[in-house]
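For reference, the structure is listed below as structure tokens.
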Amino acid sequence: MTRTAHWWRLAVAWMVAAVAVAVVAPAGSVRAADTGTTPPPMADGFGLTQVGSSVGDATDFYLTVTTPEVAGEQHIKIILPSGYYDAPDRRYPVLYFLHGSPDDPVQQTYPALSMSDEMITVIPDGGARGWYANWLNQKTAAGAQNWENFHLKQVVPFIDANLRTIATKKARAIAGVSMGGFGAFHYAQARPDLFSHTASLSGDIDLSVRSMGLRLAVVASLIDGPGVICALASGSCDPNNSPYRPGVDSDAAFGPPYPVFNADRRWNEVDPSQHMDRLAQAGVGVSIYTGDGGGAIGEAEFWVAGAAKNVKAAMDALGMSYYYVNYGDGAGWGTQCNGGHNAGCWEQDLRDLIPRLEREFAA
């Protein structure tokens, strides 16, 4: 079971409990010669300071950085094409891949991410529950939480300055799984000048009142709902091991989640399903992958499948073109997909997505 899937099971349990209670910069050049045997040298800049040395090999490694925008140390995983060092004058497009909750870039070991010799893949840290946003409240116990600034104003120019990228919109795509699917759509809508394509793999791409289950799942991660449930479970688990510690208030990221007197206006402002016109107007390509979770309300994919359908309806109303796959129970979608919210399905999503991105970049 992936950590993302495990979180969802805990979040769903929290939601049920909650409902019961309620009822009662331009491209630069590499600083030094790339040897092809170790990770390339990377220069600090754009507010990022590296901690220690890169970990990994010449084409698959990660950095640890600090930034005033986000509390703590963050990882940035980089996967280079196998021929990166063979042609020192060649530049590459970039896929930014956003992980789910409560994962980490280092855990993103999908074989499909290493299959391309035509592009660079960058996986920046999004935190256990950062939600790829600049939080409304920066004074919680979690400290600074400006994830959008970190990624769009720091990581993107840092990568362009240190690696041989093609630093244009046409040569950038952004995709993500689960929480990262929300992030991919949100970032493409916030900065359509940066990305030519965005893709959601089982993403939380509808945070409107139509998908209150997903909105409550965000709240559960903020308040450390899984940790609270664990503490009430009579010793069956250790709440101190919750990845969502320390808990913060439910309004910390996007303000009040309650759809009363427009109190939830910030949730609607960042809700991808309500702003697909921004992608249409900017000519950003859209891909959506989802299963059906077997129709089980306790399965996360049940909720994201509903979100995907709502976004599809919004795109149809706008007359948008898009790429949409609902693989249902996963039969015929690779060999490890069961239609659930898991890595077996996302690996096949990536095996479908990456060649399509390569063709778009080549065109």
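So the values come out like this:
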quantity	calculated
Filtered residues of region 58-94 (kept if surrounded by 20 or more Cβ atoms within 10 Å (Cβ to Cβ) and touching a Leu at 6+ places or on another chain (Cβ under 6 Å))	65, 67, 76, 79
Conditions (1) surrounded by fewer than 18 Cβ atoms within 10 Å (Cβ to Cβ); (2) among the hydroxyl-bearing types (Ser, Thr, Tyr); (3) closer than 21 Å to residue 203 by Cβ: number failed by residue 236	(3)
Given (1) touching a His at 6+ places or on another chain (Cβ under 8 Å); (2) surrounded by fewer than 24 Cβ atoms within 10 Å (Cβ to Cβ), number of the condition residue 143 does not satisfy	(1)
Selection count, region 112-140, where residues are of a type in the set (Gly, Ala, Ser), crowded, with 18+ Cβ neighbours inside 10 Å and touching a strand residue (DSSP E or B) at 6+ places or on another chain (Cβ under 9 Å)	5
Residues within region 281-305 that are farther than 19 Å from residue 183 by Cβ and either open to solvent by 50 Å² or more (accessible area, probe 1.4 Å) or not hydrophobic (A, V, I, L, M, F, W, C) (or both), tallied	11
Any hit, region 330-343, residues being open to solvent by 30 Å² or more (accessible area, probe 1.4 Å), under 24 Å from residue 115 (Cα atoms) and among the hydroxyl-bearing types (Ser, Thr, Tyr)	yes
Candidates 278, 266 - the one that is surrounded by 15 or more Cβ atoms within 10 Å (Cβ to Cβ), within 30 Å of residue 228 (Cα to Cα), at pLDDT 95 or above and of a type in the set (Lys, Arg)	266
Near pairs, Cβ below 9 angstrom, 6+ apart or cross-chain, from region 345-363 (part of a helix (DSSP H, G or I)) to any residue that is open to solvent by 30 Å² or more (accessible area, probe 1.4 Å) and among the aliphatic types (A, V, I, L, M)	350/115; 351/115; 354/115; 355/115; 361/166
Strands (runs of 3 or more DSSP E) (entirely within region 37-130) containing at least 1 residues that are touching a His at 6+ places or on another chain (Cβ under 9 Å) and of a type in the set (A, V, I, L, M)	60-67, 94-98, 120-124
Any chance residue 247 is of a type in the set (Gly, Ala, Ser), more than 27 Å from residue 188 (Cβ to Cβ) and either open to solvent by 70 Å² or more (accessible area, probe 1.4 Å) or assigned to a helix (DSSP H, G or I) (or both)	no
Residue match in region 17-27 (condition: among the aliphatic types (A, V, I, L, M), at pLDDT below 85, in a loop (DSSP other than H, G, I, E, B) and in contact with a Ser or Thr (Cβ under 7 Å, 6 or more places away or on another chain))	yes
Residue count for region 160-190, restricted to those that are over 16 Å from residue 126 (Cβ atoms) and either open to solvent by 10 Å² or more (accessible area, probe 1.4 Å) or in a helix (DSSP H, G or I) (or both)	12
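The values are calculated or read from the model by the stated rules, or taken from the named source; none is laboratory data. Treat the numbers as computed from the prediction; the structure is a model and nothing was measured. Every residue, glycine as well, gets a Cβ built from its backbone with ideal geometry; the counts of neighbours run over all protein chains shown. Side chains are part of the model used for accessible areas, which takes the heavy atoms of the whole protein and leaves out ligands, DNA and RNA. Shrake-Rupley method; radii C 1.70, N 1.55, O 1.52, S 1.80 Å.
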